[in-house]
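The values are calculated or read from the model by the stated rules, or taken from the named source; none is laboratory data. Here the structure is a predicted model, which is why all the values come from computation and not from measurement. Cβ coordinates were reconstructed from backbone atoms using ideal geometry, including for glycine residues, and neighbour counts include every protein chain displayed. Ligands, DNA and RNA are stripped out before the accessible areas are found, and what is left, the full protein with its side chains, is counted by its heavy atoms. Shrake-Rupley method; radii C 1.70, N 1.55, O 1.52, S 1.80 Å.
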Amino acid sequence: MRDHIGNRAVVLGGSMAGTLAARVLSEFYQEVLVVDRDTVLGVRTPRKGAPHTRHAHGLHARGHLILEELFPDFTEELVAAGAPVGDLGEMRWYFNARRMQKVHTGLVSVTPTRPVLEYHVRERVAAIPNVTYLQRHDILGLMSTQDGSRVIGARVRSRDAIGIEQELIADVVVDATGRGSRTPVWLQELGYERPVEEKVKIGLAYTTRFYKRPAGVFEDTWSINPVASPQHPRGAFFGLSTKDTCILSLTGILGDHPPIDPEGFVEFARSLPVPDVYEGIKDAEPIDDPTSFGFPASVRRRYERLKRFPNGLLVLGDAVCSFNPVYGQGMSVAALEAMALREHLRKGAPVDPAAFLRDVGKAVDNPWEVAAGGDLAFPGVEGKRPLKVSIGNAYMGRYQYAVSKDAELANGYMRVAGLMDPPTALMRPSVMLRVLRHNWRKPAAEDTAAGTSQQPGNGPDVQLPKAV
Ligand SMILES: Cc1cc2nc3c(=O)[nH]c(=O)nc-3n(C[C@H](O)[C@H](O)[C@H](O)COP(=O)(O)OP(=O)(O)OC[C@H]3O[C@@H](n4cnc5c(N)ncnc54)[C@H](O)[C@@H]3O)c2cc1C
């Protein structure tokens with residue numbers, strides 16, 4: 001065991017980002033305390049503090065590799081627990097109603113439900129002797145030195161009837177409380193600037209329903225994903241969640257939300273540009289009622305640009321950036337940030353918040369470019385469209401057409417979607433030539449998989465897929 005950097009690290013929030021941070025911190029602090037308002041241990045179902053976890057979640061290849069590194073044999077454990085597993089390129093992807101070439105990418109995708117994935121991660125972390133979960137406690141605020149230059153702990157209150165308040169003294173406090181993080185307010189209270197917030201309003205909603213596995217639907221794949229695009233803004237993630245059950249999350253943007261009444265839900269599925277999803281559920285036996293989750297905007301907090309930041313405080317996960325979830329990036333970015341934290345801790349001294357937050361900013365850059373830039377391809381989404389974004393989106397529309405013809409291009413696309421390669425990998429001259437060659441042969445407008453009204457090369461479309 002190496003020398004400890006400090007006695008105690010307190011992690012605020014015990015969801016994916018907090019739990020991964022705790023795993024890493026446990027190598028360097030004598031004690032790691034993870035605080036969450038919910039009962040989180042032993043839980044395999046969605047909980048109040050994380051209602052989004054009821055909806056389709058896929059772990060990208062990069063996130064999967066990091067989990068495997070942090071938790072050896074993690075994939076085997078999930079498979080033994082009944083999680084569906086396969087190659088990312090062997091899911092059935094549709095872009096603009098055209099099916100992507102099936103391709104073996106070597107990128108593993110394991111797709112239990114999000115609460116089950118989180119359960120397995122958390123059980124591993126909770127089993128580390130110096131990690132403790134303080135459950136059912138509300139986080140009230142930070143404690144700091146009088147001059148505000150250093151955060152020295154957090155105040156929490158038990159959710160039990162008596163509601164006892166505690167002060168948790170810590171060498172470092174890590175905020176992983178998600179999108180609703182109070183760090184901007186806490187910074188202001190301590191006399192610091194708040195981070196600039198960038199927002200892309202997408203007005204998205206997911207509506208999700210579970211079914212018993214329908215016969216004959218998942219024979220050649222375990223996941224069917226017509227991805228939303230400007231021409232077809234309604235999308236779906238339809239996949240096995242166990243070997244006997246499946247999940248369908250329908251997505252709609254800019255207020256065109258999938259209904260929660262069962263008939264409306266089925267009708268929305270029928271309106272998708274490919275028939276696979278509707279055909280898959282029309283006779284399937286539902287397990288529950290549809291439920292909805294609204295996601296008004298992607299939000300990025302620019303902590304890396306702050307000139308001053310208190311020592312003893314770090315921020316990561318959705319608390320820094322919450323991406324439009326259809327790109328399926330949030331958990332993998334949280335994993336990348338946990339690895340960045342580990343790199344900083346390996347220097348053997350308390351982490352310099354400014355340097356760490358710069359690295360968090362770097363981890364967010366590419367996924368943000370993909371998600372925020374991609375959302376601007378939808379004409380109704382407000383925001384400036386610099387030339388780089390417009391050209392990038394126009395090119396991606398052509399790339400997405402090309403993946404219906406070309407397995408090698410499909411492989412490259414999956415690698416970028418899986419956060420294995422940066423988006424620039426799709427812009428190499430040899431790749432661009434290949435994309436353009438396919439587009440010279442592009443068929444007439446009506447010739448799409450579903451006979452929809454898509455025009456050839458008619459504008460931008462950059463939705464990169466998520467894995468379900
Ligand atoms: C509909 C939807 C679908 C998504 N799909 C994907 C996907 O396919 N792939 C992917 O990688 N990502 C996906 N994401 C993103 C992913 O869910 C998040 O990136 C991920 O949950 C990491 O978030 P986090 O741990 O930072 O925060 P959260 O998951 O929001 O967790 C925050 C935690 O802090 C606790 N907490 C908050 N405030 C307090 C307080 N005051 N007191 C005590 N406890 C508190 C909460 O109880 C919770 O446990 C999706 C998101 C949504 C909304």
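So here's what we get for this one:
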| item | result |
| --- | --- |
| Among Tyr395, Ser332, Thr75 the positive-end extreme of the charge dipole of the chain (Cβ point charges) | Tyr395 |
| Neighbour count of at most 10 Cβ within 10 Å plus DSSP loop: longest trypsin sites (Lys or Arg not before Pro)-free window in the chain | 49-306 |
| Eligible aspartates and glutamates near Lys212 by straight Cα distance, threshold 17 Å, same-chain separation 8 or greater | Asp244, Asp276, Glu279, Asp283, Glu285, Asp288, Asp289 |
| Dimensionless Rg ratio for the chain, taking C-alpha atoms and the 2.2 N^0.38 Å reference | 0.98 |
| The chain, accessible surface, carbon-and-sulfur percent (1.4 angstrom probe) | 52 |
| Sparsely packed GluC sites (Glu not before Pro) within region 182-232, loop by DSSP, other Cβ within 10 Å at most 15 | Glu193, Glu219 |
| 3J(HN,Hα) from dihedral phi, region 193-198, Karplus parametrisation 6.51/-1.76/1.60, rounded to Hz, x for glycine, proline | 6, 7, x, 5, 10, 9 |
| Formal net charge of residues neighbouring Val10 (Cβ-Cβ distance under 11 Å; K, R +1; D, E -1) | -2 |
| Check: the chain dipole with +1 on Lys, Arg Cβ and -1 on Asp, Glu Cβ, in debye | 1080 |
| Under 12 Å from the Cα of Lys307 - aspartates and glutamates, other chains or at least 8 residues apart | Glu193 |
| Assigned charges on the beta-carbon of Lys, Arg, Asp, Glu; region 199-296 dipole about Cα centre (debye) | 440 |
| Cα shape, region 1-101, gyration tensor, a/c 1.5 rule | prolate |
| Residue (of Ala205, Cys246, Ile281) at the positive-pole extreme of region 199-296, dipole from beta-carbon charges | Ala205 |
| Cα-centre dipole for region 1-72 with unit charges at Cβ (Lys and Arg positive, Asp and Glu negative), debye to 20 | 360 |
| Residue-normalised accessible area of the chain, expressed per residue, 1.4 Å probe, Å² | 41 |
| Environment charge of Glu285, counting only residues whose C-beta is closer than 10 Å and scoring Lys/Arg +1, Asp/Glu -1 | +1 |
| Mean separation of Cα contacts under 8 Å, 6 or more apart, over the residue count of region 199-296: relative contact order % | 42 |
| Residues with amide H under 5 Å from that of Gly153, placed H, sequence gap 5 or more | Met143, Ala170 |
| Violating pairs (Cα-Cα greater than 30 angstrom) within the set Lys102/Lys243; Lys201/Lys282; Lys102/Lys282 | Lys201/Lys282 |
| Extension gain, Lys362 back to Glu408 (0.36 nm per residue minus Cα-Cα distance, nm) | 13.7 nm |
| Region 89-226: relative contact order as a whole-number percent, Cα under 8 Å and 6+ apart | 23 |
